[in-house]
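Since the structure comes first, as structure tokens, the remarks are kept for the end.
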Amino acid sequence: MKNKVKFLREEKNMTQNELAEKSGLSLRTIQRIEAGNILKGFTLKSIAQTLETEPEKLFEATDFFDLERAKIINLSVIFL
């Protein structure tokens, strides 16, 4: 399946360079994201805003569950 960021970018007829410019991120960052690097923080918000979507929509269902699992694991360390 195609990367969600790449899919949405192409759906809006944007090049990687245009997405980089509009989002305030570097072209290399966009390339890394489309190659499979995980989105988080400012990068996630910036890409979602630029592509006019919700941040959660940039993840596959399995990515979202993995993300939620990682949050739980990280939070559980606080209580040890």
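Brief remarks on what is shown
- Taking the range 13-36 as the range and being surrounded by fewer than 13 Cβ atoms within 10 Å (Cβ to Cβ) and either touching a residue at least 24 places away in the same chain (Cβ under 8 Å) or of a type in the set (A, V, I, L, M) (or both) as the test, the residues that pass are A35, G36.
- Filtering L39, L67 for residues that are outside any helix (DSSP H, G or I), at pLDDT below 95, under 14 Å from the mean Cα position of the chain (by Cα) and surrounded by 14 or more Cβ atoms within 10 Å (Cβ to Cβ) leaves a single hit, L39.
- Across the range 7-35, the number of residues qualifying as within 19 Å of F59 (Cβ to Cβ) and part of a helix (DSSP H, G or I) comes to 13.
The values are calculated or read from the model by the stated rules, or taken from the named source; none is laboratory data. This is a predicted model, so every value here is computed, not measured. Virtual Cβ from ideal backbone geometry, glycine too; neighbours counted across all protein chains shown.
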